[in-house]
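Step one of this worksheet: look at the structure below.
Readers should treat all values here as calculations from the given coordinates under stated rules, not as data from a laboratory. These numbers come from a predicted model, not from an experiment. Every residue, glycine among them, receives a Cβ derived from its backbone with ideal geometry; neighbour counts consider all protein chains shown.
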Amino acid sequence: MSPFSFFATIFEAAAKGDIDIVKDWIDPRRRELRRDKDGNTALHVASRHGHDDIVAFLLQAGSSPHSKNSKGETALHEAAKSDSVSVAMMLVTAGASPEVKSNEQQTGLDVAVAFGSVMTAAYLVGASSSGTIWAGFRKALQYDDLAEITDVFEDSIDFLLEDETRAGNFLLVSAYQGDEKAARYLLDHGVSPNDAIDHNGATPLHLAASFGHVNIAKDLLDAGAEVNVKDSMGGGTPLFAAIQGQELEVVKVLLDAGATTDIPRTCVDYNTQPATCSSTLILSLTMAERLRFPAADAAKLEAQLPSKQAIALATSESRPFVTLTFATSLDSSLSLAPGTRTRLSGSESKAMTHYLRSRHDAICVGVGTVVADDPALNCRIEGVGLKKQPRPIIIDPSCRWEVSARSKVLEVARAGLGLAPYVITSRWDVDPARRGLLEQHGGKFITVQMDAAGSGRFAWRDILAALHREGLGSVMIEGGGQVINSLLAPTSHDLVDSVIVTIAPTWLGQGGVVVSPERVEQNGTAISAARLSHVSWHPFGEDVVLCGRLGPQQ
């Protein structure tokens with residue numbers, strides 16, 4: 001007799017409820033044949049179709065109520081699908097646990113709710129633990145057309161909510177997971193939004209704020225949640241949690257509700273001293289619109305960006321993949337004058353720059369740019385959280401940068417909107433206070449020897465080797481003038497993998513900071529200092545973006 005005949009007969013009989021055939025075909029010597037292609041036993045099949053007489057016989061014959069099919073479901077899960085309460089009772093009596101979860105983390109009660117099995121749900125509510133009952137009730141709340149199912153839980157839920165600690169924990173979980181209906185039910189039934197705290201001292205409002213559950217945050221505030229409550233991990237408020245999660249909608253809700261904008265917080269990741277995020281920073285950064293860069297525009301730049309293969313090639317040379325990018329006027333100026341901040345990029349090309357930052361491990365600027373502009377050096381593309389922020393790199397041979405808690409790049413790091421910088425310097429005797437402040441924010445000083453040629457500058461190979469040792473696979477070098485011009489020198493061409501230049505439709509006039517590498521001569525004749533190959537041009541708003549690679553001189 002073929003196994004197929006056995007399968008077809010035993011499982012068809014179990015499905016149709018033909019107990020005589022099932023009895024004829026149950027043979028202890030054929031235990032290895034007692035599963036169909038989905039891993040179901042005859043007990044699974046009979047339970048699914050509600051044949052209590054066959055279920056009773058199979059249990060008496062030794063079938064295990066604990067057996068799982070390929071989906072991790074037991075016979076109790078199957079009984080819940082058919083609302084066969086008598087089968088469910090037999091299975092539980094035989095030892096089936098209502099707490100067992102399938103591969104999709106569903107208990108029998110969850111399945112009963114999903115299938116609208118009112119009677120089975122009612123029975124399993126009485127046989128389940130408080131956690132399982134609450135999980136099933138949360139699922140029932142998601143079905144607006146299953147009032148009967150919700151009613152099944154009413155008495156049990158009322159009993160569970162009499163325990164204030166348990167009710168508070170339910171609210172914490174609902175706020176964390178974004179379960180709006182469960183959170184609203186709990187608040188409507190008198191659960192306090194302020195009494196429950198997790199192991200970090202966070203309230204439901206902290207959790208809703210951190211994970212961007214704006215509607216739950218509104219409901220909690222409407223129910224009387226304290227907007228400026230502090231956690232026990234350093235005094236962080238819900239506003240601080242929303243800023244760290246870059247959840248700007250929640251930030252606006254909290255500010256409207258009276259959240260204070262000065263947030264003293266003992267930053268456990270930094271030091272034991274309070275670090276204050278100023279109201280100016282919060283209002284300028286968190287209220288600023290997140291930038292979007294269309295996928296169609298991103299596709300135009302893909303060939304210029306660091307791929308796994310390109311990074312691997314650069315890594316084999318003990319350096320990161322290097323993208324040189326900057327914005328210039330029609331007369332090749334970066335700014336109106338040294339030390340003068342000059343805006344060139346339009347909104348579209350600005351979004352492009354932030355998109356480029358999101359595609360690199362680090363962004364690099366010279367100290368002159370930092371001193372003149374006090375930049376944030378972070379990425380504001382929508383959806384880019386802290387884990388995807390690029391590491392700022394500041395080239396500062398003589399430690400000109402006055403590291404200060406009020407520096408925007410450090411304020412951004414404290415707010416969870418970016419990373420603290422690594423500073424490349426030649427100094428071994430960095431002021432301990434500066435070093436300590438930078439390290440408290442997650443940054444550090446990296447000492448690199450000056451160029452042996454006595455130029456008073458670093459050799460780019462040494463800088464890039466230092467970044468490679470820090471595990472950075474790609475770096476986007478943005479300026480300023482000396483940095484750009486030095487990379488355009490012939491000795492550095494083989495270190496630059498991609499060039500992306502934004503050209504603004506304006507002339508800045510004489511006296512500005514100009515991109516113009518030193519003149520190169522060959523056999524007494526001037527030649528091009530640098531030339532791009534593989535060139536492409538892309539309009540972004542009123543600006544034009546030029547992409548290419550540094551090719552051989554012509």
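Key figures for this structure:
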read-out: Relative contact order for the chain, counting Cα pairs under 8 Å that sit 6 or more residues apart, in percent; value: 10
read-out: Net length gained if the chain between ASP494 and LEU330 were fully extended (0.36 nm per residue, minus Cα distance); value: 56.4 nm
read-out: Contour minus Cα-Cα distance for LYS387 and SER70 (0.36 nm per residue); value: 110.5 nm
read-out: Mean projection area, nm², convex hull over Cα of the range 427-501; value: 6.4
read-out: Whole-Å distance, taken between Cα centres, linking the range 66-94 and the range 449-502; value: 66
read-out: Within the chain, longest stretch free of exposed trypsin sites (Lys or Arg not before Pro) [DSSP loop, at most 10 other beta carbons within 10 Å]; value: 38-342
read-out: Two-site FRET efficiency, MET119 against SER232, from Cβ-Cβ distance with R₀ of 30 Å, rounded to 0.05; value: 0.05
read-out: Å³ per residue enclosed by the Cα convex hull of the range 295-551; value: 137
read-out: Cα long-axis angle, helix 460-469 against the chain (0 to 90 degrees, to the nearest 10); value: 20
read-out: In the range 288-368, GluC sites (Glu not before Pro) in a DSSP loop with at most 11 other beta-carbon atoms within 10 Å; value: GLU289
read-out: The range 429-554: C-alpha gyration tensor shape, a/c 1.5 cut-off, then a/b vs b/c; value: prolate
read-out: Two-site label geometry, ASP431 and GLU164: point separation in nm, points 7 Å out along Cα→Cβ; value: 5.2
read-out: Proximal lysines relative to LYS387, as straight alpha-carbon distance under 21 Å, when same-chain residues fewer than 8 apart are discounted; value: LYS308, LYS408, LYS444
read-out: Helix-only mean residue ellipticity at 222 nm for the chain, each DSSP H run of n ≥ 4 adding -39500 (n - 2.57), per residue, nearest 500; value: -11500 deg cm²/dmol
read-out: Length added when fully stretched, LYS252-ILE446, from 0.36 nm per residue minus Cα-Cα; value: 66.0 nm
read-out: Overall form of the range 333-432 per C-alpha gyration tensor (a/c, 1.5; a/b vs b/c); value: oblate
read-out: Correct choice for Rg/Rh (Cα atoms, Kirkwood Rh) that was computed from the model, options (1) 0.99; (2) 1.15; (3) 0.96; value: (2)
read-out: At R0 = 60 Å, FRET efficiency that the Cβ-Cβ distance of SER318 and HIS189 yields, to 0.05; value: 0.45
read-out: Degrees, to the nearest 10: 3-16 long Cα axis against longest axis of the chain; value: 70
read-out: Set LYS68/LYS388; LYS16/LYS181; LYS252/LYS350; LYS252/LYS300; LYS81/LYS181 screened for pairs whose C-alpha atoms are more than 31 Å apart; value: LYS68/LYS388; LYS16/LYS181; LYS252/LYS300
read-out: Per-pair calculated FRET efficiency, R0 = 25 Å: ALA465 and GLN522 via Cβ, rounded to 0.05; value: 0.30
